[in-house]
Each structure stands twice: as structure tokens, then as C-alpha cells.
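The next block holds one structure in the form of C-alpha cells; read it before the comments.
The values are calculated or read from the model by the stated rules, or taken from the named source; none is laboratory data. Values in this document were obtained by computation on a predicted structure and should not be read as measured data. Positions of Cβ are backbone-derived with ideal geometry, glycine not excepted, and every protein chain shown enters the neighbour counts. These area figures cover heavy atoms from the full protein model, side chains too; ligands, DNA and RNA do not enter into them. Shrake-Rupley method; radii C 1.70, N 1.55, O 1.52, S 1.80 Å.
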Amino acid sequence: MAAAARDVRYRGKQAVNGSLAYDLGYPARERAPRRAEKAPRAKEKPRAYEAPRVLLRARQYVSPLAVLSVAAIMGLALLVLMNYVRLTRLSSETVDLQTQLQELETENVNLTAQYQRMFDMASVKEAAEAAGMSKPSGTQMSRLDLSAGDSAVAYQQKEPGLLKRILSSLHGGVYAVVEYFD
């Protein structure tokens, strides 16, 4: 039995078959050359050389509505871009104007303080006396008597004739046109 265990027939990788019985014919089948059985082929007809066929797509139809839509979208995108440029420019101008406003407000405060210092009544009185001015005396003043009623005279003019009215209308129209184009 020990000799049988050392025998090659019993130590192969495939020694156990599906029925768990030893396959004693396996090593003989392994040593025998295998013949590949080929399926019989159908005879091919000799073919002439054929150029490979190029599959062409059918020409696609471009809708005029699609072209107009793309043009409209591009136009709107351009308008949005131009409005962003305008908005940026206006923002920059606003910042410049706000800076200028702050400078002008500071200058206004300084000038108002200077103006109030200049018109101090004591300094005005001194400047007037230095220039030789004095208060008027009673002889230099005169009074008006407005107790009497007011009266006005209105004169009526003659109504101009038809020819004068036409000429004045033409003169006014020509004058308006010249002034418009001037």
C-alpha cells in the first residue's frame, strides 16, 4: 500500500473525480498528445477588394429661429456687459463726487467760521469809522408821506388791423424758427 501511495497515478492534482473515486486512467490521458478538434468551416468565397465605407451624417438643418435666438442671446449678453461697464464708471464717479463733497463741506465750515469772524459788529464799526463813515444826522434824513391814496391811469390802445396781426404772427413764427436753429 505504501508503494501505491508513492505511485504517480494517485498523487495528481485531479486524482479525485466527481464520485470521489480515484480515476486510474487520468495520468495516461495526460501523457497522450491532445488533438484539437476543429469545427468544419464553410468555404468562403473570394472577395474583391472593397474600400471601407465611410458613414456620412446627413446634413443637419439649422433653423433660422435658432440662429436668431443665438444672435439675440449674444446681443443681450453684450448689453449686460455694456451696462456693467456703465455701472462701474458711474460707481467710480459717485466715489469721486462723494470725496469732493466731503472736501467742499470741510471748506464750507472753514469759510462760514471766517465769514462770522469778519462780520462781528465791533469789527464792522471799527472798519466804518476808519473809512470815515458816521451815523446820519437828523437833517440828512427825509420822510415820505404815503397816507394819500394810490392812483394809476391805464390807456386803451386801438386794436390792430388784420394785416398787422398776420405780420406780427409771421414775425413771431420766423423768430421762433431762427431761435430754434440758433
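So which of MET121, MET74, MET82 is among the aliphatic types (A, V, I, L, M) and at pLDDT below 85?
MET121
One line per residue, one yes/no per condition, for (1) surrounded by fewer than 10 Cβ atoms within 10 Å (Cβ to Cβ); (2) in a loop (DSSP other than H, G, I, E, B):
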position	(1), (2)
GLU129	no, no
GLY132	yes, yes
THR139	yes, no
ARG143	yes, yes
SER147	yes, yes
LYS158	yes, yes
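Does TYR180 satisfy the criteria of being part of a helix (DSSP H, G or I) and loosely packed, with under 10 Cβ neighbours inside 10 Å?
Spelling it out, TYR180 is indeed part of a helix (DSSP H, G or I) and loosely packed, with under 10 Cβ neighbours inside 10 Å.
In region 88-102, is there at least one residue being within 12 Å of the chain's Cα centre (by Cα) and either of a type in the set (Lys, Arg) or open to solvent by less than 100 Å² (accessible area, probe 1.4 Å) (or both)?
yes
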